[in-house]
Each structure stands twice: as C-alpha cells, then as structure tokens.
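Laboratory data are not the source of any read-out in this text; all were calculated from the coordinates shown. Quick caveat, the model's predicted, so the values are computed rather than measured. Positions of Cβ are generated from backbone atoms using ideal geometry, with glycine treated the same way; all protein chains shown enter the neighbour counts.
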Amino acid sequence: MAYPKKLLSDNEKVVLETHPHWKTLVLPVVVLLVTLGLAGYLIALVDNNVGTFLILGLAALLVVVFVVVPFLRWRTTLFVITDERVVVRTGILSRTGRDIPMTRVNDVTFSHNLLERMLGCGTLVVESAGERGQVQLTDVPRVEQVQKTLYELAEKAGRPLA
C-alpha cells in the first residue's frame with residue numbers, strides 16, 4: 001500500500017516509504033505451516049465428514065486470526081518520510097495517522113537488540129515539539145539509516161538537533 005501522491009503538498013518529495021520489517025511475519029508463517037500440517041494430519045485420521053468440517057473450520061479460524069490479520073496489519077502499516085514530514089499510517093478497517101513536520105522534530109533516536117541488529121531493524125523514536133511529544137515506530141527496517149536520514153532532513157529544515 002503506497003502512500004498516495006495526492007496527499008503530498010506541492011513540491012513535497014517522498015524520501016523513504018516502508019512497512020514494518022519482515023520479521024513481524026515470521027510467527028504468522030510458522031503458525032500457517034503448523035496449522036496446515038496439523039489439519040492435514042488430523043483430516044487423514046478422521047473418517048467422517050463432521051470431523052473433517054470441524055477440523056477445516058478450526059484451521060480456517062486459526063489462519064484468519066493468526067495469519068491473515070497480522071499480514072493485513074503489516075501491509076496497512078506505513079512509515080513515510082518526506083522532505084517535509086514524518087508520516088505514520090496504521091489500521092486495517094479504520095485508519096490512524098500521525099504527521100510530524102520536520103521543523104518540529106527535536107530528537108531522533110533508535111534502539112535495537114542483538115536479534116534486531118542481525119536482521120537490520122529496530123525501534124525509532126521521533127520526538128517533536130508540541131503537546132503530543134513523541135512517536136515510536138517499531139520494527140523499522142534499516143533503522144540506523146532511517147535515523148540518519150531523518151536527522152539530515154531535520155537539519156535541512158532548519159531544526160538543528162541536539
């Protein structure tokens with residue numbers, strides 16, 4: 001789901017557009033594989049239609065709740081950095097958005113644990129002037145590069161960071 005160009009202001013350019021890191025989809029893929037394998041095994045053991053439909057129904061429910069919903073959540077979460085603002089959009093059916101103008105960015109920090117360092121992702125915290133304070137972006141791919149880019153864009157916008 002790309003950020004719509006019609007939502008950009010005149011002369012605003014998208015510098016970075018990304019979804020959360022793919023690591024958020026590892027558990028749903030494991031659940032999918034285990035559910036399909038277990039459902040297939042149980043269907044082979046059951047010799048009546050009611051049992052087969054019950055197993056298929058339970059497997060479908062598990063796949064929707066633990067695979068489809070997380071995938072949709074990943075797909076509909078968008079981190080966008082333009083030369084004028086930081087944009088965060090989340091939500092499957094209802095959407096939530098947060099924009100932070102580059103001129104209001106006070107601080108950009110990142111953190112990642114050992115596994116996130118190996119995978120190249122982490123948490124980015126963008127602190128802004130104003131009553132809402134900061135926004136925390138989790139599972140940002142290439143988090144160190146994103147932090148550096150945000151820092152440079154805030155500097156260009158005339159907001160030297162401490």
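Give the calculated FRET efficiency between PHE71 and TYR41 to the nearest 0.05, with a Förster radius of 30 Å applied to their Cβ-Cβ distance.
The computed FRET efficiency comes out at 0.80.
Residue separation times 0.36 nm, minus the C-alpha to C-alpha distance between LEU93 and THR123: what's the value?
Going from the current span to full extension adds 8.3 nm.
Considering the Cα positions of the chain, please state its Rg to one decimal place and its Dmax as a whole number of Å.
Over the chain's Cα set, Rg and Dmax evaluate to 20.8, 72 Å.
Per residue and in cubic angstrom, what volume does the convex hull of the Cα atoms of the range 25-73 have?
Expressed per residue, the convex hull around the Cα atoms of the range 25-73 is 43 Å³.
Would you mind checking the tilt of helix 49-63 against the longest principal axis of the Cα atoms of the chain, expressed as 0 to 90 degrees and rounded to 10?
With both axes taken from Cα atoms, the answer is about 10 degrees.
Where Lys and Arg each count +1 and Asp and Glu each count -1, what net charge lies around ARG98 among other residues with Cβ under 15 Å from its Cβ?
Summing Lys/Arg as +1 and Asp/Glu as -1 gives +1.
Name the most mobile residue of THR35, THR90, THR103, meaning the one with the largest mean-square fluctuation, in a Gaussian network model of the chain with Cα contacts below 10 Å.
Among THR35, THR90, THR103, the largest mean-square fluctuation in the Gaussian network model of the chain belongs to THR35.
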